[in-house]
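Undergrad: Dumping the structure here so I can ask a few things about it.
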Amino acid sequence: MFDFTPAEWEAVHLSLNVGLWGTLGCLPLGFVLAYVLARVDFPLKSLLNGIIYLPLVLPPVVTGFFLLLAFGTRGPLGQFLENTFGITIAFRWTGAALAAAIMGLPLMVRAMRLSIIAVDRRLEMAARTLGASWWRAFFTVTLPLALPGILAGAVLCFAKSFGEFGATITFVSNIPGETRTLPIAIYSLLQSPGGEAAALRLAGLSVVVSLAAVLGAEWMERRIITRAGT
Amino acid sequence: MSFDIDVEARVGDFPLKVAFTATTGLTALFGPSGAGKTSVLNMIAGVLRPKRGRIVVDGVTLFDSDEGVNLAPNHRRVGYIFQDARLFPHLSVERNLLYGHKLTAPEARYAHPDQVTALLGIGHLRDRSPRSLSGGEQQRVAIGRALLASPKLLLMDEPLASLDDARKEEILPYIERLRDDLRIPILYVTHAAPEVNRLAGAVVEMSGGRVVSG
């Protein structure tokens, strides 16, 4: 059951890469957005909120299409990246990671935002009166208390990135070894006669990876809570 | 050491105008809820900005609207004890106690961990988690944590209000000891007359955002 062909390993490896880089890319932006949405009031806040959550509710193919328009070889952002940094996104695995990050961002922001809202700001005030600068209070009080939610957000984003299909295939197509991630490989196998057995193997593997991610996150969360001493 | 405040502010929709001085010992800031007592403490601690005025502790200007001085809370060296203890739930009692101590320059420290824990009777709690403490124990740790930052002024905002009578009796002797041993002014907000009678050397009475006597 588990003797995968090199092409299948490639898809798995690619999906892990996309999931990892998509999540790492999301983390800083996701945290800043979550913090701003949780703590700062400003005009048009609900609009920003709506834009962040848009990929969650839009048909993924629409998100992929927009990405293609913006980051494609002729898209304004795509040309900018190409000319300025020499980075090509379209039809590369980096484009798959970008699509995955954008699809995972709303899930990450949502989990992080809730955990930041749950941090008692009066504890930060106590820290300030004890001599902590804003940054110190942030790193010693806010961040550790919000950590379980940050972790949960990262895992959700990874799971989403690992399994993203619609936006990815629309944006970067289905190129073996470059953009054929695990779900796209499964889809391709199902399109060809006699591919069901291989598709099932990959499907089983995606269940294993996803389950491991969720269990791993739960284990880390428990460790954090234990360390906090409940 | 002395303390001087003369400020105006807008709190919610009522104006607040307060001026008084305090010296070493315990000064009660007394009055009904909604009189603006906690707002006064928040302005002294630097978490609420007055519209105009001046706050001076031990010769150091914490706030002066005319001179454009407004020290950040972490530079004011003002200890603040809240009604709820506000211990950091993710840190042990020990690390709570030392949080501000470590942030105080060694030459500015006058409070020693062993002395403070002995004074408050919390030495045996040091390895515990804040969540496992009773309300009275939590409040004693909060007092110790504030003291160990070696403040020049101690603010106490109804520190007994959320405790039952037995717990109040447990804490009151410690507050009396602070009052008698510390050489800094203590501002003690309360609306309970018995606490004023028992603890206060001076009383500033507030009502509707004004000082009515004191």
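The values are calculated or read from the model by the stated rules, or taken from the named source; none is laboratory data. All of these numbers come straight from a predicted model, not from anything done at the bench. Cβ coordinates were reconstructed from backbone atoms using ideal geometry, including for glycine residues, and neighbour counts include every protein chain displayed. What goes into the accessible areas is simple: the full protein's heavy atoms, side chains included, and nothing from ligands, DNA or RNA. Shrake-Rupley method; radii C 1.70, N 1.55, O 1.52, S 1.80 Å.
Undergrad: Can you pull the one-decimal nm distance between simple spin-label points at A:Leu200 and B:Glu176, each 7 Å off the Cα toward Cβ?
TA: In this crude spin-label approximation the distance works out to 8.2 nm.
Undergrad: Based solely on its DSSP helices, what 222 nm [θ] is calculated for chain A when runs of n ≥ 4 H residues each add -39,500 (n - 2.57) and the sum is averaged over all residues, nearest 500 deg cm²/dmol? Walk me through the numbers on the way to the answer.
TA: Numbers: 11 runs with 178 residues, N = 230.
The per-residue figure over chain A is -25500 deg cm²/dmol.
Undergrad: With a 1.4 Å probe and all protein chains left in place, how much accessible area per residue does the range B:86-151 have, in Å²?
TA: Values: 2550 Å² over 66 residues.
Here the residues of the range B:86-151 average 39 Å² of exposed surface.
Undergrad: While we're here: Please state the Cα pair-distance histogram of the range A:106-161 with 10 angstrom bins from zero: what percent is in each bin?
TA: Binned Cα distances yield the sequence 27, 42, 23, 8, 1.
Undergrad: Straight-line reach from B:Lys51: which lysines fall under 23 Å, measuring Cα to Cα and dropping same-chain residues less than 8 apart?
TA: Within the straight-line limit of under 23 Å, B:Lys51 reaches these lysines: B:Lys17, B:Lys37.
Undergrad: P(r) for the range B:38-94: what percent of alpha-carbon pairs falls in each 10 Å bin, starting at zero?
TA: Computed distribution, short to long bins: 21, 47, 21, 10, 1.
Undergrad: When you look at the Cβ of every residue in B:69-81, what mean number of other chain Cβ atoms sits within 10 Å? List each step's numbers first, then the result.
TA: Numbers: counts 0, 0, 0, 3, 11, 10, 3, 3, 2, 2, 3, 5, 2.
Across the residues of B:69-81, the mean count of other-chain Cβ atoms within 10 Å is 3.
Undergrad: What Kirkwood radius, in Å to one decimal, follows from the Cα pairs of the range B:1-66? Provide the component values of the computation, followed by the final result.
TA: On the way: mean 1/r = 0.0816 Å⁻¹.
When all Cα pairs of the range B:1-66 are included, the Kirkwood radius is 12.3 Å.
Undergrad: Take the alpha carbon atoms of the range B:132-152, find their center, do the same for the range A:104-155, and report the distance between the two centers in whole angstrom.
TA: For the range B:132-152 versus the range A:104-155, the Cα centre distance is 23 Å.
Undergrad: Let me ask something else. Taking each pair of different alpha-carbon atoms in chain B once, compute 1/r for the pair, average those values, and report the inverse of that mean as the Kirkwood hydrodynamic radius in Å to one decimal. Mind dumping the intermediate values first?
TA: Details: mean 1/r = 0.0573 Å⁻¹.
Evaluated on chain B, it is 17.5 Å.
Undergrad: Right, something else. Within 10 Å of each candidate Cβ there may be at most 11 other Cβ atoms; applying that plus a DSSP loop requirement, which trypsin sites (Lys or Arg not before Pro) in the range B:125-195 survive? Display every interim value, and only then the final one.
TA: Numbers: sites: B:Arg126, B:Arg128, B:Arg131, B:Arg140, B:Arg145, B:Lys152, B:Arg167, B:Lys168, B:Arg177, B:Arg179, B:Arg183; in loops: B:Arg126, B:Arg128, B:Lys152, B:Arg183.
Those that pass, being in a loop and sparsely packed, are B:Arg183.
Undergrad: A follow-up question, please. Just name one of B:Gly25, B:Val57, B:Asn70: the one whose Cα is farthest towards the positive end of the charge dipole of the range B:9-86 (beta-carbon charges, Lys/Arg +1, Asp/Glu -1).
TA: Positive-end residue among those listed: B:Asn70.
Undergrad: Rounded to the nearest 20 debye, what is the charge dipole size of the protein assembly as shown about its Cα centre when +1 sits on each Lys and Arg Cβ and -1 on each Asp and Glu Cβ?
TA: On the way: 42 positive and 37 negative charges, 71 e Å.
In total the dipole reaches around 340 debye.
Undergrad: Please report the Cα spread of the range A:1-142 along all three principal axes, rounded to whole Å, starting with the longest.
TA: For the range A:1-142, the Cα extents along the three principal axes come out at 59, 43, 32 Å.
Undergrad: Which one of B:Leu163, A:Val62, B:Phe3 has its Cα pushed farthest toward the positive end of the charge dipole of the protein assembly as shown, where Lys and Arg give +1 and Asp and Glu give -1 at the Cβ?
TA: Projecting each Cα onto the dipole axis, the largest value belongs to B:Phe3.
Undergrad: What quantity of accessible surface, computed with a 1.4 Å probe and excluding non-protein components, is buried in total between chains B and A, in Å² to the nearest 100? Walk me through the numbers before you get to the answer.
TA: On the way: alone 9920 and 12760 Å², together 20770 Å².
Its buried surface, counting both partners, is about 1900 Å².
Undergrad: Using only the alpha carbon atoms of the protein assembly as shown, find the Kirkwood hydrodynamic radius as the inverse mean reciprocal pair distance, in angstroms to one decimal.
TA: Details: mean 1/r = 0.0391 Å⁻¹.
Across the protein assembly as shown, the inverse of the average 1/r is 25.6 Å.
Undergrad: Calculate what fraction, in whole %, of the accessible area of the protein assembly as shown sits on carbon and sulfur atoms when a 1.4 Å probe is rolled over the protein chains. Write down the numbers at each step before the final one.
TA: On the way: 12450 of 20770 Å².
Roughly 60 percent of what the probe reaches on the protein assembly as shown is carbon or sulfur.
Undergrad: As an exercise, identify the trypsin sites (Lys or Arg not before Pro) in the range A:25-127 lying in DSSP coil whose Cβ has no more than 13 other Cβ atoms within 10 Å. Write out the running numbers ahead of the final one.
TA: Values: sites: A:Arg39, A:Lys45, A:Arg74, A:Arg92, A:Arg110, A:Arg113, A:Arg121, A:Arg122; in loops: A:Arg74, A:Arg92.
Sites meeting the loop and neighbour criteria: A:Arg74.
Undergrad: Taking only the C-alpha atoms, wrap a convex hull around the range B:86-151 and report its volume per residue in Å³ as a whole number.
TA: Value for the range B:86-151: 73 Å³ per residue.
Undergrad: Apply the Karplus parameterisation 6.51 cos²θ - 1.76 cosθ + 1.60, with θ equal to phi minus 60°, to every residue of the range B:55-69 and state each ³J(HN,Hα) to the nearest whole Hz, in sequence, with x for glycine and proline.
TA: 10, 10, 10, 6, x, 9, 7, 8, 8, 8, 5, 5, 9, x, 9
Undergrad: Just need log10 I(q)/I(0) for the range A:77-128 at q = 0.27 Å⁻¹, Debye formula, equal scatterers on the alpha-carbon atoms, no solvent, rounded to two decimals.
TA: -0.98
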